[in-house]
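Asks: Before we start, here is the structure in question, set down as structure tokens.
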Amino acid sequence: MATAPALEQSIPARNYLSESYGLKSWLLTLDHKRIAILYMLATTFFFCIGGTAAALIRLELLTPGGELVAADTYNKLFSTHGIIMVFFFLVPVAPAVLGNFLIPLMVGAKDVAFPRLNLFSWYLFMLGGCFELYVMIVGGVDTGWTFTTPLSTHYLSTHVVGAAMGIFIAGFSSILTGVNFIVTIHRMRAPGLTWFRLPLFIWSYYATSIIFVLATPVIAITLVLVVLERTIGIGVFDPKLGGDPLLFQHLFWFYSHPAVYVMILPGMGVLSEVVACFCRKRVFGYTAVAFSSVAIALFSFFVWAHHMFIMGISNYSALVFSLFSMLVAIPSAIKVFNWSATMHKGSITFATPMLYALGFIGLFTLGGLTGVMLATLGMDIHLTETYFIVAHFHYVMVGGMVSAYMAGLHFWWPKMTGRMYPEPMGKLAAAILFIGFNLTFFPQFILGYLGMPRRYHTYPPEFQVLNVLSTAGASVLALGYILPAIYLIWSLKYGKVAGANPWRATGLEWQIQSPPLTENFVEVPTVTEEAYDYAKIDRPLEVVQ
């Protein structure tokens, strides 16, 4: 009978963290694992900025009269929050951190296909972020994260050009990362690792990379056109010069709805790994889950105009996009039902990563169901531009994607650092995050249904009780983010040594030491079995506390 592996007494002396020391060794590294850590630090920094803006927004909305900041400042706050969180945290964090660290390990490669391009991608990301920081320092931008024309091109005097160029530069980081992942997955898989032996994590990140490569150039050229319209008046979006402001909406949302799946698909890949491990079962319907990732990526390019139902598109167009918006829910539902079926009669261990995964399933499902509501034309006309949209978006992106990222971070933290975090604290943080999130955003569904518009810094007094509840919930949610930061940092020095495979998981990344060597594998591995072959392990998982 298999037994739980004993924790090793010390971290291996030779690993990617100890290979070399000093700032230069990190800033010039070509190791995909170190680059992933650089991305983790950068995205966490931007998350703190975006989170601070969110906290100020919630404090402003405590009272109906808008007493904390002026209207212009409030506009800049929600614009900064949206731009930073979407383009510098939600879009890059899971692919750039978990993807960079894990894809070569999972496919049995020594690094990504283009290591120098990988480092260059990080520098592009940081350069784009510096543009956004500069814009914040010199006065901010108040377009919202959507840069809607003609507001952004004609009527605002804030730093639209700098903000747009920061996103433009960061977009190239996404494109290069996508290219790197696609080539790595295609060309660098270990012997025996066929497409249908790949972890579902890889399928999700492959679909994400396709969206990166195909959709990101569209937002890049769109923002360039906004800059040119604003600076030299080329007229692409100006009706006086033969342009069309609706063209901007089509271009922007053609990228930005696939970008939603850039944010959520990596989280779905994480969920498949975590659920399989902590249920000790092969993922139910492996093939269906794998192809559902590709289907989501494909459908994501055919639903953009559901953001435009009130903007004057034809009834026929609205009907077609409403239908496609409902169809895209099918592959997402396949994943949720198959994860649920995997749990059925599984030997479930409620470890910290599994708790975050369960939180993802609940929050993402509610966010997805409200998305189907918004795809219904009659409902959307009533609810669009209200706080219902804000709640829906955050249930999918923050409740869903961030919960999945936290699940992945806790799951692979022993592999990244070689040390365990305190399990009771992890479980407490997962519970706090789930409760705080629902307290923050569920009241916003009610506010939106009652008609409270988003992006206003004042509101009728009858909405105050729900806004106070939402702000109180945001305080709890903040604790749910601060607590993991504390104990994960603590674990770097004081955490128990994890050993190579503390979760007794399958997958090539768990067959090597923790932290891994710089070159990952001493010898090229050969894969001879299917993914998630937990049947050979006949004892429930014992989690180290």
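Asks: Of the residues that sit in the stretch 148-194 and are modelled with pLDDT of 95 or more and of a type in the set (Phe, Trp, Tyr), which one is most open to solvent (accessible area, probe 1.4 Å)?
Replies: PHE172
Asks: Still on this structure, I have one more. Just for helices (runs of 4 or more DSSP H) wholly inside the stretch 18-87: which have at least 2 residues that are more than 26 Å from ASP142 (Cβ to Cβ) and not β-branched (Val, Ile, Thr)? Step through it out loud before you land on a result.
Replies: Working: elements: 23-27, 32-60, 71-85.
By residue number, 23-27, 32-60.
Asks: Of the residues that make up the stretch 415-431, is at least one closer than 29 Å to SER317 by Cβ, surrounded by 19 or more Cβ atoms within 10 Å (Cβ to Cβ) and in contact with a helix residue (DSSP H, G or I) (Cβ under 7 Å, 6 or more places away or on another chain)?
Replies: Looking for residues that are closer than 29 Å to SER317 by Cβ, surrounded by 19 or more Cβ atoms within 10 Å (Cβ to Cβ) and in contact with a helix residue (DSSP H, G or I) (Cβ under 7 Å, 6 or more places away or on another chain), one finds none in the stretch 415-431, hence no.
Asks: Ok, one more. Hey, among GLY82, GLY51, GLY99, GLY66, which residue is small (Gly, Ala, Ser) and at positive phi? Outline the logic, then answer.
Replies: Numbers: GLY82 fails: at positive phi; GLY51 fails: at positive phi; GLY99 fails: at positive phi.
Answer to the check: GLY66.
Asks: In the stretch 238-255, what residues are within 31 Å of the chain's Cα centre (by Cα) and either closer than 27 Å to LEU176 by Cβ or outside any helix (DSSP H, G or I) (or both)? Talk me through it step by step, then tell me what you get.
Replies: Start the filter on the stretch 238-255 by keeping residues that are within 31 Å of the chain's Cα centre (by Cα), which leaves 245-255.
Of everything in the stretch 238-255, those that are within 31 Å of the chain's Cα centre (by Cα) and either closer than 27 Å to LEU176 by Cβ or outside any helix (DSSP H, G or I) (or both) turn out to be PHE248, HIS250, LEU251, PHE252, TRP253, PHE254, TYR255.
Asks: Being modelled with pLDDT of 95 or more, of a type in the set (S, T, N, Q), assigned to a helix (DSSP H, G or I) and surrounded by fewer than 21 Cβ atoms within 10 Å (Cβ to Cβ) is true for just one of THR440, THR471. Which residue is that?
Replies: Result of the check over THR440, THR471: THR471.
Yes/no per residue for (1) under 23 Å from ASN118 (Cα atoms); (2) in contact (Cβ under 8 Å) with a residue 60 or more places away in the chain; (3) of a type in the set (Lys, Arg):
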site: PRO191; (1), (2), (3): no, yes, no
site: PHE201; (1), (2), (3): yes, yes, no
site: TYR205; (1), (2), (3): yes, yes, no
site: VAL227; (1), (2), (3): no, yes, no
site: TYR255; (1), (2), (3): yes, no, no
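Asks: For GLY235, all conditions in the list (1) touching a Gly at 6+ places or on another chain (Cβ under 8 Å); (2) open to solvent by 20 Å² or more (accessible area, probe 1.4 Å); (3) not aromatic (Phe, Trp, Tyr); (4) not in a helix (DSSP H, G or I) hold save one; what is the number of the exception?
Replies: Looking at each condition in turn, GLY235 falls short on (2).
Asks: Please find, among ASP111, ASP142, the residue that is assigned to a loop (DSSP other than H, G, I, E, B), under 25 Å from ILE49 (Cα atoms) and open to solvent by 10 Å² or more (accessible area, probe 1.4 Å). I'd like the intermediate steps shown before the answer.
Replies: On the way: ASP111 fails: under 25 Å from ILE49 (Cα atoms).
The match here is ASP142.
The values are calculated or read from the model by the stated rules, or taken from the named source; none is laboratory data. Worth saying up front: this structure is predicted, and the values here are computed from it rather than measured. When we count neighbours, we look across all protein chains shown, and the Cβ atoms used for this are built from the backbone with ideal geometry, even at glycine. Quick note on the areas: whole protein, heavy atoms, side chains included, nothing else; ligands and nucleic acids left out. Shrake-Rupley method; radii C 1.70, N 1.55, O 1.52, S 1.80 Å.
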